[in-house]
Amino acid sequence: MSASAGEWLRIHAFVPESYANGPGRRAVVWVQGCSLGCPGCFNPATHSLTYGRVVLVDELFSDIAALTERVEGLTLSGGEPLQQRRGVLALLRRIRCETSLSVVVLTGYSWEEFLSFPESDELSKLVDVVIAGRYESSRNLASSLRGSANKTVHRITNRYQSSDLQDGPAAEVIISETGDLISTGIKPVLFKIV
């Protein structure tokens, strides 16, 4: 039994392959729940602390580990990943110890807030890149994985260069195996049903 046995995350969505959520082809987990309340957030469906679905970290890890031949990394977004630090740490420990996948975390917390968390030292050992800061709609940028110009990029390891974080599309539309349309990226396409 792994060290993460019994740990869980409340997630909004999981996409096994994306090009618009970090360098290269990546698995993406959007956690469910965010209390930061950034005005103009383009993903308000992820804010409720009761929506989404609860998944065991071991099951989520298995789904991600099965993709290691197809993706180069995992991106954690949300919602707010750092409001579920216990489950996030359990998942990232397994990612770092049992795979060669890179990890990118997009958080609404500032870098200073990130560093103030008791778990920040361990998180820093498990993550390659952190994009930090509240979304500010008046400073909308929607490029290089930053939603607004105030967000800061922290390359914790040397795995990626700054240019790696600027490559890739700002948006993509994915058709899931069940036929659902998923719009994702730093500047997602908005659908209008007519």
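Readers should treat all values here as calculations from the given coordinates under stated rules, not as data from a laboratory. A quick note: this is a predicted structure, and the numbers were derived from the prediction, not measured. Glycine also receives a Cβ, built like all others from the backbone with ideal geometry; neighbour counts cover every protein chain displayed.
Before moving on, here are some points about what is shown:
- Taking 7 Å steps out from each Cα toward its Cβ at R70 and Y19 produces label points 1.6 nm apart.
- In terms of its C-alpha gyration tensor, the stretch 96-173 comes out oblate, because a/c is 1.5 or above while a/b does not outweigh b/c.
- Net dipole in debye of the chain [+1 Lys, Arg Cβ; -1 Asp, Glu Cβ; about Cα centre; nearest 20]: 380
- With a simple spin-label model that places each label point 7 Å from the Cα along the Cα-to-Cβ direction, the separation between E119 and N140 comes to 3.3 nm.
- Protection proxy ranking of 104-113, 151-160 - average other beta-carbon atoms within 10 Å, highest first: 104-113, 151-160
- The stretch 49-111: GluC sites (Glu not before Pro) in DSSP loop, at most 15 other beta carbons within 10 Å: E69
- Stokes-Einstein, applied to the Kirkwood radius of the chain over Cα pairs at a viscosity of 0.692 mPa s and 37 °C, places its translational diffusion at 196 µm² s⁻¹.
- The stretch 1-84: trypsin sites (Lys or Arg not before Pro) in DSSP coil with no more than 12 other Cβ atoms inside 10 Å: R70
- Rounded, prolate or oblate (a/c below 1.5 giving rounded, otherwise prolate when a/b exceeds b/c) for the stretch 1-80 by Cα gyration tensor: oblate
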